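Peer 1: This is the structure I have questions about; it appears just below.
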Amino acid sequence: MLEECAGEERYLEGIVTIEHDSQGDSVGVRGVVRDVTARRVAEIALQKQTKSIVSCSNPIPVRCMSSTSALLPFSPSTNQQ
């Protein structure tokens, strides 16, 4: 991660290749650096959303009524009537 002069954080991805001459000696370096901030921000948002969904995935208790409109007993520990 890189922080710009304005204080904005940027995520970078780089690939570097060492160039060799015909004898196999290193003679230079070639590289590319890409700004992957948008992708990384989306990944972080997805991780947060997934964590939120998982934390909300506990079973929701459901109450049932009998044919006489009486509320049937419910045990939250087993999520059964």
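The values are calculated or read from the model by the stated rules, or taken from the named source; none is laboratory data. Given the structure is predicted, the values throughout are model-derived calculations rather than measurements. All Cβ positions, glycine included, derive from the backbone under ideal geometry; neighbour counts span all protein chains shown.
Peer 1: Being under 25 Å from residue 2 (Cβ atoms) and either touching a His at 6+ places or on another chain (Cβ under 7 Å) or of a type in the set (Val, Ile, Thr) (or both) is the filter here; which residues of the range 12-43 pass it?
Peer 2: 15, 16, 17, 18, 29, 32, 33, 36, 37, 41
Peer 1: Also: Do we find that residue 73 is at pLDDT below 90, in a loop (DSSP other than H, G, I, E, B) and either surrounded by 10 or more Cβ atoms within 10 Å (Cβ to Cβ) or in contact with a strand residue (DSSP E or B) (Cβ under 8 Å, 6 or more places away or on another chain) (or both) in this structure?
Peer 2: In short, no.
Condition check ((1) at pLDDT below 95; (2) among the hydroxyl-bearing types (Ser, Thr, Tyr); (3) outside any loop (DSSP other than H, G, I, E, B)) across all residues:
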site	(1), (2), (3)
15	no, no, yes
18	no, no, yes
44	yes, no, yes
53	yes, no, yes
62	yes, no, no
68	yes, yes, no
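Peer 1: A further question follows. Can you name every residue in the range 3-28 that is surrounded by 11 or more Cβ atoms within 10 Å (Cβ to Cβ), under 17 Å from residue 40 (Cα atoms) and out of contact with any Leu (no Cβ under 9 Å at 6 or more places or on another chain)?
Peer 2: 13
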